[in-house]
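See below for the structure under consideration.
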Amino acid sequence: MAKPPTNKRILEQQFSRRATILGAVQLGLGGVLAGRLAWLAIAENQKWQLLSESNRLQLSLIPPRRGLLLDRTGVPLASNKSVFMIDLLPDRLEDADGVLKQLAELLGLSADETDRLRSDLAQALDHQPVRVASDVEWDQYAAVNVRLPDLPGVSPMRGFSRHYPAGAATAHLLGYVGAPSREEYEKTGDPLLMVPGMQVGKDMLEKTLDEHLTGKPGARRAEVTATGKVVRELEVRSDTIGKSVQLTIDGGLQTYASRRLGTQSGSVVVLDAVTGGVLAMASMPAYDPNSFSDGISQFEWDMLSQDERVPLRNKTLQGLYPPGSTIKPITALALLNENIDPDETVLCTGRINIAGGTFHCWRRSGHGVVDMNRAIAESCDIYFYVMGIRVGIQPIADMARRFGLGERFSGLPVPYQYYGTVPDPAWKRRRYNEPWEAYDTVNATIGQGYLLANPLQLAVMTARLAAGEKTHPKLLAAKVAPAAPLGIDPRMLAIVRQGMEDVVNGRGTATRARLPLANIKLAGKTGTAQVRRITMAERRRGVRSNASLPWKLRDHGLFIGYAPTDRPRYAVAVVIEHGGGSGAAYPIASDTLLYLFDKRQAMKRLASLENGWGGGIEERMAREAAEFADRAPGGRRSRQRGFAANLSQRLRYSRLSSR
């Protein structure tokens, strides 16, 4: 009989079974782990290697440099300069207030500037960079980089910023660039607009030629730490600069015309009467486009927006003015086209009654017996009143349109053109539901009433008078197609041109506009446009002089002209807002054309004038900034003076870099 198992044997058997089961479980788990490790190491090796690389490496785009804007000789009007810049990346910001406080200390940001950054952050998309500062000093840039681990969401970089060597002189011609807005990104969805340091065109040629000027981005691959600090750059693929654009603009003439406007508010436009090329398109006062490209301060914005001369308005394209007596050559052509004899005379006594109203000539004593030539040369209003009533408004309106008034010029790469008004009975019926009256014709014949034009239109009108062809304005240098004929009898044009030549070289209203050159003559027409109504009571007392009136109530001064008279090549139009009459306009036109024939003599004249004005454009802008700061309330005056000093320094740099 077998012995029953002892307790020891039972325990050994139980332990052996448990050890076997546990070993099997361990072996199974080990197999699973080994299999998983093998799967990760072999089958998914590429996936995890990529994830590891992305955690260790940082790939970023390099914003492309913009193409250059060149004048007709190839001199850059807009270029790129290397700068240090600081951006904020909203989606990486953890403590916006804390970061802004540190940046304010490191970069010397004012309370206004930090408030602006808070506002920009609130409006930006999560992944849209917000520019803190451009063109920062090296020591500031280095200080930010050193503290980068404590500044999440801050992106310092070295890149390129747009640079305009002539500063304000080209502001309303070229426009400016800036960081893309939220609306611009949402409209296009282009991810390139979210790249820190990216700049897009915001106004004028920079805006309309933006697609052409924008290049292709580069890329940078760098090794970074867990906090995002760059250890080393591994690979850099350079950006491709955008395409350059050559303009018809003469850079020297553009700067000269802007400087020659001096302390006045107005516009100068110069055209090649043969090709239609725009040689200069100046509007002053203006802003410094370098400030806008780098990020304008609230101080500078307030100064510009509160100026009654409106430096933010492009007066060449957005300014609409009664052309005054500069319209009289067009009125004369309409009269000739209606078979009015140019030798027929009118007696000017200084005033005339028409349809129950009394209308005055600018010369109170009258001009006496006047024919067409003398009416143009001496700008007799009464002659044009009488003849205009005889032929009616329609021929005059049709002739004005033929010469470019009321026209929006196609093919011109500008974002806006205020094209004004050429009134006639149909227009008045549509606009006011009223009939055309005799006094409407009277006003239109001398460029008053409803008639409005911008300075570019006046320049085109002058070029067509000079060339006898339908000259079309152009800003881009390209092969020029022949202009279409105007369909005007050359004999009629000769009569009008002789009157315009006598304005300057005869006994006309602009004899002081004569060019100081032996063999080159300037022909032109003066114009004065009223901006207020003169009552009969004031006429009886004596009309107040412009000098006694507030600036905004003074007459506009205008002048159109071309030279040489025997072989017309250049056409000019000048409009001076509230200049007090044509005497403010024709010296500017004369000097601007003189620059094209004798640069040395023109520059000598300008130097003498700028001494009397207290310096050039940048010096005067800096002085105006200091005066604006001094007018600030006491609590803000010190801070505003600091802004004015910074602006003055930047303007000084702009002046030196343009030499």
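The values are calculated or read from the model by the stated rules, or taken from the named source; none is laboratory data. Since the structure is predicted, the reported quantities are computational estimates derived from the model, not experimental observations. Note that each Cβ is placed from the backbone with ideal geometry, even for glycine, and that neighbours are counted across all protein chains shown. These area figures cover heavy atoms from the full protein model, side chains too; ligands, DNA and RNA do not enter into them. Shrake-Rupley method; radii C 1.70, N 1.55, O 1.52, S 1.80 Å.
So here's what we get for this one:
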| read-out | value |
| --- | --- |
| Per residue convex hull volume, Cα atoms of the chain, in Å³ | 248 Å³ |
| Å² per residue, accessible surface of the chain at 1.4 Å | 48 Å² |
| Estimated [θ] at 222 nm from DSSP helical runs (n ≥ 4, -39500 (n - 2.57)) normalised by residues in the chain, nearest 500 | -12500 deg cm²/dmol |
| Label point distance in nm, Tyr418-Ala34, each placed 7 Å from Cα along Cα→Cβ | 8.6 nm |
| HN-Hα J in Hz across segment 185-194 - Karplus 6.51, -1.76, 1.60, θ = phi - 60°, x for Gly and Pro | 5, 5, 6, 9, x, 6, x, 4, 5, 8 |
| Computed over segment 131-181, Kirkwood Rh from alpha-carbon pairs, angstrom | 13.4 Å |
| Protein accessible area in the chain, 1.4 Å probe - carbon and sulfur % | 51 percent |
| Rg over Rh [alpha-carbon atoms, Kirkwood Rh] for segment 437-498 | 1.07 |
| Computed label-point distance, nm, for sites Ser181 and Ala143 using a 7 Å Cα→Cβ extension | 3.3 nm |
| Burial order of peptide ranges 169-179, 255-265 (average beta-carbon count within 10 Å, highest first) | 169-179, 255-265 |
| Positive-end residue, the chain charge dipole about Cα centroid, Cβ charges, pick of Ala332, Tyr418, Met372 | Tyr418 |
| In order through segment 318-327: 3J(HN,Hα) via Karplus (6.51 cos²θ - 1.76 cosθ + 1.60), integer Hz, x for Gly, Pro | 9, x, 10, 9, x, x, x, 6, 5, 7 |
| Amide H contacts under 5 Å for Tyr570, placed H, 5+ residues apart | Ala273, Ala563 |
| Computed FRET value (nearest 0.05) for Arg533 with Arg431, which takes r as the C-beta separation and R₀ as 25 Å | 0.80 |
| Segment 521-590 versus segment 405-420: alpha-carbon centroid distance in Å | 24 Å |
| Segment 480-541, dipole about Cα centre (Lys/Arg Cβ +1, Asp/Glu Cβ -1), debye to the nearest 20 | 500 debye |
| 18 Å reach of a label modelled at Tyr439, 7 Å along Cα-to-Cβ, counting backbone N of segment 341-359 | 351-359 |
| Charge dipole (debye, nearest 20) of segment 325-368; +1 at Cβ of Lys and Arg, -1 at Cβ of Asp and Glu | 400 debye |
| Gain in span if fully extended, His360 to Ser16, counting 0.36 nm per residue against the direct Cα distance | 110.9 nm |
| Karplus (6.51, -1.76, 1.60) ³J(HN,Hα), θ = phi - 60°, over segment 203-220, in Hz, Gly and Pro reported as x | 7, 6, 4, 4, 7, 6, 9, 4, 4, 6, 7, 6, x, 10, x, x, 8, 9 |
| Segment 532-572 residues near the modelled Lys521 label - backbone nitrogen below 11 Å, point 7 Å along Cα→Cβ | 565-567 |
| Dipole magnitude of the chain about its Cα centre (Cβ charges: Lys, Arg +1; Asp, Glu -1), debye to nearest 20 | 420 debye |
| Neighbourhood net charge (12 Å Cβ-Cβ; Lys/Arg +1, Asp/Glu -1) for Ile241 | +3 |
| Exposure rule at most 15 other beta-carbon atoms within 10 Å, DSSP loop GluC sites (Glu not before Pro): the chain longest free segment | 438-659 |
